[in-house]
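**Q** The following block contains the structure, expressed as structure tokens.
Read-outs: derived from the displayed coordinates by stated rules, not from any lab. Everything numeric in this text was worked out from a predicted model, so none of it was measured. Positions of Cβ are generated from backbone atoms using ideal geometry, with glycine treated the same way; all protein chains shown enter the neighbour counts.
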Amino acid sequence: MSLGAWERVPTDKHRFLVYDSASAHLAQVVKDAFAKTSTSLAVIPGGLTAILQSLDTDFIFVYRHYYKLFSSEWEDKNLNTKLTAAGRRILGTHLTAMAYKKALD
């Protein structure tokens, strides 16, 4: 299993990841993949994410709002634009950066 960017970020430090209890996250193959990257995992029990994970109720809520806003604005301005797979990835990166920056303001 590939962890994408998580594996590509070089580090000599042990990492810690807190995530929700979605069934895909709990699979042994996921746990094994993170173990290979010196990452300890902590699972937030179902229903408690909003209580225990403050980022989910604070930053991520604001970030999602701006991502959807910027995405809708782009779609309104580019109704008939067809993007390649690479174009969609690039657009997603730009929307992510814009939303992230705005959410930090």
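**Q** Mean Kyte-Doolittle hydropathy of -1.0 or higher plus an axial Cα length of 20 Å or more: which whole DSSP H helices in the chain meet both?
**A** Membrane-span-like by this criterion, though nothing is claimed about a membrane: 59-77, 85-104.
**Q** With the crude spin-label approximation of a point 7 Å out along Cα→Cβ, what separation in nm comes out for ALA22 versus ALA97?
**A** My value for the distance between the label points is 2.5 nm.
**Q** While we're here: Once amide H atoms are built 1.01 Å from N in the peptide plane, which residues 5 or more positions from ASP20, or in another chain, come under 5 Å H to H?
**A** When sequence neighbours closer than 5 places are left aside, the close amide H contacts are ILE44.
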